[in-house]
Amino acid sequence: MWVILHHLTSKGMLLDRWNQTLPFAMQSIFRGGYLAVQTFFLLSGFVLAQSYSTTRWNKRSLTKFAMARFARIYPAYLLSLVLISWFVFEFLLKPGRSMAQKATVIGDYAFVLQGWTGSLNVGWNTPAWSLSCEFFFYLCFPLLFVWLGRGNLARVWAALGGCFVLPILLARAGVPDVWKPIHHLSDFVAGIAAARFYGALLRSGMAAKATRELGFWLSASALAAGAAFIVNPHVLDGTVITLSTVLRPINVLLLIGLATGGGFLVRLLSTDVAGYLGKASYSMYILHIPLLWWFTRYTFYRFGATPPAWTGFLFMAAVIGVSIAAFEFVEAPANRWIRDWTASRLSPAQPSAMRAAA
């Protein structure tokens, strides 16, 4: 929802004028919704490290992991391609680009390469660049997890320090900005490190109540510090540290704090409604820009250059409704089908005599 608010409060968009009526701090928070992608990358590393904590990596488990990751990402993304197909058709008919350039853009979208090539200027589904990062992270995950998962905490501390320094070094070395998976790998590694620290916290013998209290103060302090930097990014001017860099360790503290289960925010996020919306949140994220293309085409035609604010809130409600339907009828069924198909292909074949007896 934060990412959606970021797009809707951008200049000239549905909630731009409404956002300008809010206090400066709230305006900054809403317009900083793009920063939620970093939190998602860390959360991805954290959840995968927890989910695969006991996995023994071999050809079979690697195949299941790869297919599970494809099943998690591509079905909803494929639906987003269907939603933008009319705009793709218009793009192909429009003059100004060679057929080779057009074919390159189509290939980037089909094979989720936007995060490597910078094919974002068409704007059909700008958040899709993050999927390029996720697929790259999945490719790296088994090696990263083995290295961090079996090492001592000193290695994890070193990795976390590297996550803070490496993006600065990459920027200084002139690594192209369009290679987003390289620049954001530190976010994913920081998430794996956060999972290791969380595991160490659980094994420390600290009482459950004390752990929850510590978690509350960690998450509350991280939220306050993160909000302060988002509202006042100018404090980093003149330094080599960017807003994304300073938020990375803050996000680590936030994840560890929330994972321990203490505080009002954890109780809120643990409700059935929040859990269900969380399941549909990937569809919200990857479908909202394709839906916005269609929605704004009508609203700007109907209301002119400045649609009323209620159209923005109506759009958000529509995104939630469409995303729930996409989760129930596309994302979840496709995920199950791909996983079941993979499991059946990896099951050892029964001897013919046993099949006949069965």
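The values are calculated or read from the model by the stated rules, or taken from the named source; none is laboratory data. Values in this document were obtained by computation on a predicted structure and should not be read as measured data. Neighbour counts are summed over all protein chains in view; Cβ atoms, including those assigned to glycine, are modelled from backbone coordinates with ideal geometry. Ligands, DNA and RNA are excluded from the accessible area calculation, which covers all protein heavy atoms including side chains. Shrake-Rupley method; radii C 1.70, N 1.55, O 1.52, S 1.80 Å.
One chain, two ends: Ser98 and Trp2. Fully extended at 0.36 nm per residue, the span grows by 30.9 nm beyond their Cα-Cα distance.
Placing +1 on the Cβ of every Lys and Arg and -1 on the Cβ of every Asp and Glu, with no other charges, gives the stretch 74-161 a dipole of roughly 160 debye about its Cα centre. 3J(HN,Hα) along the stretch 99-116, derived from phi through the Karplus expression 6.51 cos²θ - 1.76 cosθ + 1.60 where θ = phi - 60°, amounts to 5, 5, 5, 5, 5, 5, 5, 4, x, 4, 6, 5, 9, 6, 10, 4, x, 9 Hz, with x in place of Gly and Pro.
At the residue level, Asp108 shows approximately 10 square angstrom of accessible surface with a 1.4 angstrom probe and all protein chains present. Within the set (1) 1.08; (2) 1.03; (3) 1.19, the number that Cα Rg over 2.2 N^0.38 Å takes when calculated for this structure is listed as (1). If R0 is 45 Å, the Cβ-Cβ spacing of Leu153 and Ala325 corresponds to a FRET efficiency of close to 0.50.
Net charge dipole, the stretch 248-358: roughly 180 debye, given to the nearest 20, about the Cα centre with Cβ charges of +1 for Lys and Arg and -1 for Asp and Glu. Heavy-atom accessible area, probed at 1.4 angstrom with all protein chains present, ranks Leu314, Leu292 as Leu314, Leu292, highest first. Here's the picture: charge each Lys and Arg Cβ at +1 and each Asp and Glu Cβ at -1 in the chain, and of Ala208, Trp57, Val156 the one pushed furthest to the positive end of that dipole is Trp57.
Cys163 contributes about 10 Å² of solvent-accessible surface, heavy atoms of the protein only, 1.4 Å probe.
Give Lys64/Lys209; Lys102/Lys180; Lys64/Lys180 a once-over and call out the pairs whose C-alpha atoms are over 30 Å from each other.
Lys64/Lys209
Each label point was placed 7 Å from the Cα along the Cα-to-Cβ direction; for Ser10 and Ala207 their separation is 5.1 nm. Note that the chain presents 52 Å² accessible area per residue, ligands and nucleic acids not counted, probe 1.4 Å. Using a simple spin-label model with pseudo-atoms 7 Å out from Cα toward Cβ, Val47 and Val88 lie 2.6 nm apart.
Note that the stretch 21-33 has calculated 3J(HN,Hα) couplings of 7, 8, x, 4, 4, 5, 4, 5, 4, 4, 6, x, x Hz, one per residue in order, obtained from phi through the Karplus relation 6.51 cos²θ - 1.76 cosθ + 1.60 (θ = phi - 60°); glycine and proline are x.
If you place +1 on the Cβ of every Lys and Arg and -1 on the Cβ of every Asp and Glu, how big does the dipole about the Cα centre of the chain come out, in debye to the nearest 20?
840 debye
In this label model, Ala317 and Val146 are separated by 5.3 nm, measuring between points 7 Å along each Cα→Cβ vector. Distance from the alpha carbon centroid of the stretch 310-341 to that of the stretch 60-85 works out to 14 angstrom. Largest to smallest in accessible area, the residues Ser10, Ser119, Ser85, Ser270 fall in the order Ser270, Ser85, Ser10, Ser119 (1.4 Å probe, all protein chains included). Of the whole protein surface, Trp310 contributes about 140 Å² of accessible area at a 1.4 Å probe radius. Using a probe radius of 1.4 angstrom, the carbon and sulfur fraction of the accessible surface of the chain is 68%.
Electrostatic tally near Trp116: other residues with Cβ closer than 13 Å to its Cβ, Lys and Arg +1, Asp and Glu -1, net -2.
In the chain, helices alone account for a calculated mean residue ellipticity at 222 nm of -24500 deg cm²/dmol, with every DSSP H run of four or more residues adding -39,500 (n - 2.57). Karplus-based coupling profile of the stretch 283-290, in residue order and whole Hz: 5, 4, 5, 8, 9, 5, 6, x, with θ = phi - 60° in 6.51 cos²θ - 1.76 cosθ + 1.60 and x standing for Gly or Pro. Selection among Ala309, Ala227, Ser130 by position relative to the dipole of the chain gives Ser130 as farthest towards the positive end (Cβ unit charges, Cα centre).
Comparing Cα centroids, the stretch 164-201 and the stretch 226-281 end up 16 angstrom apart.
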